[in-house]
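Data first, discussion second: the structure below is written as C-alpha cells.
The values are calculated or read from the model by the stated rules, or taken from the named source; none is laboratory data. Predicted model only: the values in this text are computed from it and were never measured. FYI the Cβ positions are ideal-geometry reconstructions off the backbone, even for glycines, and counts take in every protein chain you see. With ligands, DNA and RNA removed, areas are computed over all heavy atoms of the protein, side chains included. Shrake-Rupley method; radii C 1.70, N 1.55, O 1.52, S 1.80 Å.
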Amino acid sequence: MRPRHLYFAIFTWLVFSGGRFTAPFLTNVAHLSDTLTGLALALQTMSLSLFSSIGGAVADHLEKKYPHRGRAMTIVSGLGLSTSAFMLHGAVVHIFQKNSTSKLVMSCHIFLRVIYSIGLSFAMPVLDGLTLSRLVEQGSKKEDFGKERLYGAVSWAVSSVILGPLIDRYGFEVMLLSAPLAFLYCLATITIFTTNTRNIGISKTTNDAVSENIVEASHSCLGVDESDPKCQQYIPDKSKRNFTWLLLLSMCSTVYGAGYIFSSVALSMGTSVVESLIFLFFETLGSTSTMCGLTVAVTVMFEIPIFQLAPKLLEIFGPEKLQEIACMAYITRVVGYTFIPQNRMWMVLFLEPLHGVTYACAKTSQVEFAARLAPKGYESSSQGILSSVIGVGSLIGLSLGGWVEDTLGAKVMYRGFATVVLAGLVVLLIAGQLHRKSMESNHEEKKPLVFLDRLTKRNYSSVISTGGST
C-alpha cells in the first residue's frame with residue numbers, strides 16, 4: 001500500500017471537516033464576522049506554524065521507537081484531536097443558542113480553531129515526511145513525491161464537489177456529521193497502511209558513520225539522489241535540538257536560500273487569503289456552495305498533471321523556477337478576480353486553473369527544498385520546520401486579510417496581496433542573480449538551491465560528534 005492512499009483519505013477528511021468551506025462555516029454556523037473569521041483563521045495558522053516543527057519531531061521520535069508505526073500514530077492522534085475540536089463547534093452553538101453572538105461564544109469558537117490547528121500540525125507535515133521516508137525505503141526517488149501527492153488533489157476535488165451540493169441542501173451543519181465519518185475512513189486507511197508496511201518488513205539502514213564523514217556526505221547529497229545508500233548512511237542517530245536549529249539555519253545560509261524563504265513567506269501571505277477567505281468573496285458574486293465546490297475541481301484539474309510530472313519538472317526547472325512560476329500564476333489570478341462584475345461568477349472558472357498551478361508548483365518546490373536538507377530519519381522534522389517558517393506568512397496574511405476585506409473590500413485586499421507576492425518574486429529573482437554572479441566569480445560549477453556553508457558544516461559536525469540535549 002502506497003502513501004497515495006493516505007493522501008486520498010486525509011484530504012477527504014480535510015474537506016469534510018472544513019477545507020475551503022471553513023470561512024463560510026464560521027460565518028453561517030458560528031456567526032463570526034469577516035474580521036473575526038480572519039482572526040480565527042490567523043490564530044489557527046499561528047498555532048499550526050508553532051506546532052508543526054514539534055509535530056514533526058515527535059513523529060520522528062516515535063518512528064524510531066516504533067518502526068513503521070510512529071508517524072502513523074502521530075497522524076491518527078492529530079486527526080482525532082482536530083475532529084473533536086470541529087464537532088465541538090456544534091456543541092457550542094447548541095448550548096448557547098440564545099447568546100450565539102456573545103463574546104464568550106465567539107471566544108469559544110476561536111479557541112476551537114486553535115485546537116483544530118494543533119491537531120492538524122501533528123498530521124500534515126508528518127504525512128509529507130512519512131511519504132518521503134517510504135519512497136526512499138521502496139527504492140524510489142524523493143522527487144517522486146508529487147506522484148503520491150496528486151492523489152490528495154484528486155480527493156480534494158472529488159470531496160469538494162460532493163460536499164457543495166450537500167451544504168446547499170442541508171446547510172453547513174451537515175459538516176458536523178461528515179467530519180467524524182471522514183475521520184473513521186482515515187483511521188481505517190492508516191491502520192491498513194501500517195499493517196501492510198510492518199508485514200513487508202522493510203530493513204532499516206544502520207547509521208554508524210564517523211562525524212566528519214557525516215558532514216561531508218550530507219553536504220554532497222544535497223541536490224542529488226537521496227535514495228543512494230551512500231547518502232542514507234551518513235546521518236545522525238539521535239534527536240538533537242541543536243541539529244534542528246542547524247536545519248533551520250541551513251535553509252537561510254545562502255543569499256539564494258534566504259531569498260527563497262522570503263518569497264515563500266510572501267506567497268504564503270497571498271495564498272492564505274485565497275485558501276481561507278475566497279468562498280466569502282464568491283458569495284458576494286452570487287455563488288452557491290455547489291459552484292464553490294466546482295471551482296475546486298477546476299483548480300485540481302491543473303494540479304494533477306503538475307504533481308504527476310513533478311520529477312521531470314524538478315529536473316528541468318529546479319525548485320527555484322517552480323517557485324517563480326507559482327508567484328506569477330498567483331499574481332495574475334487574484335488581479336483578475338478584481339475585474340469580475342457582480343453576478344458573473346462563471347468568469348471565475350477561467351482564473352481558477354491558475355490556483356492549481358500556484359499550489360502544485362509551490363508545494364513541489366517547497367517539499368524538495370526541505371528534502372534536500374533532511375538526512376534520513378529527519379524527513380518529518382525538516383518538513384515541519386519549513387512549514388513553521390512559511391506559516392508566518394499565512395498568519396500575517398489572514399490577520400490583515402479579514403480586516404481589509406471587511407473595511408476596504410475584497411478588491412483592495414487581493415490587489416494588495418498581489419503586490420506583496422510581486423515583491424517576494426523580485427527578491428527571489430535578485431537573490432538568484434547574485435547567486436549566479438557569485439558562482440561565476442569563483443569559477444564554480446552550478447550548485448543546488450540550498451547547501452551548507454562552512455560555519456554550518458562546522459557546527460553540524462560538532463553537534464553530531466558531541467551530541468546535543470533533546
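Observations on the structure shown:
Rundown of residues vs (1) closer than 26 Å to residue 157 by Cα; (2) in contact (Cβ under 8 Å) with a residue 40 or more places away in the chain, yes/no style:
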site	(1), (2)
3	yes, yes
10	yes, yes
23	yes, yes
33	no, yes
84	yes, no
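- Residues that are modelled with pLDDT of 80 or more and polar (S, T, N, Q) were ranked within the stretch 362-387; the one that is surrounded by the fewest Cβ atoms within 10 Å (Cβ to Cβ) is 366.
- Summed over the stretch 306-346, residues that are out of contact with any Lys or Arg (no Cβ under 8 Å at 6 or more places or on another chain), part of a helix (DSSP H, G or I) and over 25 Å from residue 273 (Cα atoms) total 6.
- Against the numbered list (1) at pLDDT below 80; (2) open to solvent by 30 Å² or more (accessible area, probe 1.4 Å); (3) under 25 Å from the mean Cα position of the chain (by Cα), residue 140 comes up short only at (2).
- Here the stretch 290-325 is the region considered, the condition is being without any contact (Cβ under 8 Å) to a residue 40 or more places away in the chain and more than 17 Å from residue 148 (Cα to Cα), and the residue that is least open to solvent (accessible area, probe 1.4 Å) is 325.
- Among the conditions (1) at negative phi; (2) open to solvent by 10 Å² or more (accessible area, probe 1.4 Å), the only one that residue 343 does not satisfy is (1).
- Take the conditions (1) under 20 Å from residue 117 (Cα atoms); (2) touching a residue at least 40 places away in the same chain (Cβ under 8 Å); (3) surrounded by fewer than 19 Cβ atoms within 10 Å (Cβ to Cβ); residue 101 misses just one of them, which is (1).
- Here residue 108 meets the list (1) in a helix (DSSP H, G or I); (2) touching a residue at least 60 places away in the same chain (Cβ under 8 Å); (3) not aromatic (Phe, Trp, Tyr) almost entirely, failing just condition (2).
- When we screen 147, 65 for residues that are basic (Lys, Arg) and surrounded by fewer than 17 Cβ atoms within 10 Å (Cβ to Cβ), the only hit is 65.
- Condition met for residue 57 (open to solvent by 20 Å² or more (accessible area, probe 1.4 Å), part of a helix (DSSP H, G or I) and among the small types (Gly, Ala, Ser)): yes
- Contact annotation: residue pairs with Cβ atoms under 7 Å, 6 or more positions apart or on different chains, pairing a residue in the stretch 190-203 that is within 11 Å of residue 68 (Cβ to Cβ) and modelled with pLDDT under 65 with a partner that is among the charged types (D, E, K, R) and in a helix (DSSP H, G or I), are 202/137.
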